[in-house]
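I have placed the structure first, in the form of structure tokens, so that the comments after it can refer back to it.
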Amino acid sequence: MSTPELVTIPAEAVVLDGGIPTAYVMLSGELFQRRELELGVRDGALVEVRAGLAPGERVVTRGAATIRMASLSPASFGAGHAH
């Protein structure tokens, strides 16, 4: 019997959205997907994720709140942005 792989992420990657813990997973380039999380134990700067993320997925740590705000009003960003 194998035990499931433990998934932990930096606590700063967790954004409360209406009281629900969420994180943003990078799908490719500048494409992100919002995920609702079931959290477990917090140990310092890391938090256990019991549901909502798979091992190896990349989450946004810096700027997660900014991505959340952009997702609420994508029209304000137009068709894209320049670098």
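The values are calculated or read from the model by the stated rules, or taken from the named source; none is laboratory data. As the structure is a computational prediction, the values presented were derived from the model and not from experiment. What goes into the accessible areas is simple: the full protein's heavy atoms, side chains included, and nothing from ligands, DNA or RNA. Shrake-Rupley method; radii C 1.70, N 1.55, O 1.52, S 1.80 Å.
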If you stretched the chain out fully between residue 6 and residue 50, how much longer would it get, using 0.36 nm times the residue separation minus the C-alpha to C-alpha distance? 15.1 nm
Sequence-distant or interchain residues sharing an amide H contact under 5 Å with residue 32, placed H: which? 27
5 angstrom amide H check on residue 47, placed H, neighbours 5+ away: 9, 11
Sorted list, accessible surface of protein heavy atoms, 1.4 Å probe, largest first, for 8, 66 is 66, 8
